[in-house]
1. Is it the case that some residue within the stretch 82-100 is touching a residue at least 60 places away in the same chain (Cβ under 8 Å) and either part of a loop (DSSP other than H, G, I, E, B) or not polar (S, T, N, Q) (or both)?
2. Any residue at all in the stretch 87-100 that is farther than 24 Å from Val47 by Cα, over 14 Å from the mean Cα position of the chain (by Cα) and of a type outside the set (Ser, Thr, Tyr)?
3. List every residue pair whose Cβ atoms sit under 8 Å apart, with the two residues 6 or more apart in sequence or on different chains, where the first one lies in the stretch 157-173 and is surrounded by fewer than 14 Cβ atoms within 10 Å (Cβ to Cβ) and the second, anywhere, is hydrophobic (A, V, I, L, M, F, W, C).
4. Has the stretch 91-104 got any residue that is in contact with a Phe, Trp or Tyr (Cβ under 6 Å, 6 or more places away or on another chain), surrounded by 17 or more Cβ atoms within 10 Å (Cβ to Cβ) and either under 26 Å from Gly145 (Cα atoms) or acidic (Asp, Glu) (or both)?
5. (1) farther than 23 Å from Leu32 by Cα; (2) among the acidic types (Asp, Glu); (3) not in a strand (DSSP E or B): which one isn't true of Glu109, the others all being true?
6. (1) part of a loop (DSSP other than H, G, I, E, B); (2) touching a Cys at 6+ places or on another chain (Cβ under 9 Å); (3) under 14 Å from Pro41 (Cα atoms): which one isn't true of Ile114, the others all being true?
7. Among the numbered criteria (1) surrounded by fewer than 18 Cβ atoms within 10 Å (Cβ to Cβ); (2) touching a helix residue (DSSP H, G or I) at 6+ places or on another chain (Cβ under 6 Å), which single criterion is violated by Arg85?
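None of the figures in this text is laboratory data; all of them are computed from the coordinates on show. Since the structure is predicted, the reported quantities are computational estimates derived from the model, not experimental observations. No Cβ is skipped: glycine too gets one built from the backbone with ideal geometry, and neighbour counts run over all protein chains shown.
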Amino acid sequence: MNDDWIARWRDGRTGFHEGRPNEHLAHHVDWLGGARRVLVPLCGKAVDLGFLATHGHEVVGIELAEQAVGEFFAEHSLTPTIGARGPFVEYRAGAITLLAGDVFDATPELLGPIDALYDRAALIALPADIRPRYVAHLRALLPAGAPGLVITLDYDQARIAGPPYAVSEAELRALYAGAAIELLAQQQASDLPKCSQAGVSVVERCFAIQCDDPRS
């Protein structure tokens, strides 16, 4: 899976990159609170990173494809400092730190304090058998009570194969069992060409999540 993800960036198969701040994030960014250190897993080169920084947040993104990390700073005319940070290559400029490497290698000690989560394209990028491990890993990185925004897509996975993968509301609630979860918004998504071409309806949902302590 890792090799396929890196190949997608190398070959320009990045239709998941929005090129503008996500609509749900723009509407609900206040849920994250003010001046938080926000973890953005599988962040790519999302414009959302800069959007969060302009709203007073310190951003910590993790991205497997180092190419995407370099492109983010180049496209925003930022010159980062670059160095090793554990198993990651760290790019840092101002309030934005992006770590190039595998999200599963992240530890609380390596990341430092994290106050909030923003997940637009990470959970839905992972196949079903990896999603429970991924969410459990995130919950170990986040403190109890940390707010999060998680955006999902839901459609008939039997008709169209991922990625992005379908994640139902029921699955999300099961993955984050014990957390407080609120559906903030849902709408029909029209920017997935392969689904549109196949006549498959896609629902995009935005959830507010407040994590519990997975050790309790």
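1. Looking through the stretch 82-100, none of the residues is touching a residue at least 60 places away in the same chain (Cβ under 8 Å) and either part of a loop (DSSP other than H, G, I, E, B) or not polar (S, T, N, Q) (or both).
2. Yes, the stretch 87-100 contains a residue that is farther than 24 Å from Val47 by Cα, over 14 Å from the mean Cα position of the chain (by Cα) and of a type outside the set (Ser, Thr, Tyr).
3. Listed pairs, sorted by first residue: Arg159/Ala198; Arg159/Val200.
4. Yes, the stretch 91-104 has at least one match.
5. (1) is the only condition that Glu109 fails.
6. (2)
7. The number of the failed condition is (2).
Yes or no, residue by residue, for (1) closer than 22 Å to His55 by Cβ; (2) touching a helix residue (DSSP H, G or I) at 6+ places or on another chain (Cβ under 6 Å):
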{"position": "Tyr118", "(1), (2)": "yes, no"}
{"position": "Ile124", "(1), (2)": "no, no"}
{"position": "Ile130", "(1), (2)": "no, no"}
{"position": "Tyr134", "(1), (2)": "no, no"}
{"position": "Pro147", "(1), (2)": "yes, yes"}
{"position": "Leu153", "(1), (2)": "no, yes"}
{"position": "Glu169", "(1), (2)": "no, no"}
{"position": "Gln186", "(1), (2)": "no, no"}
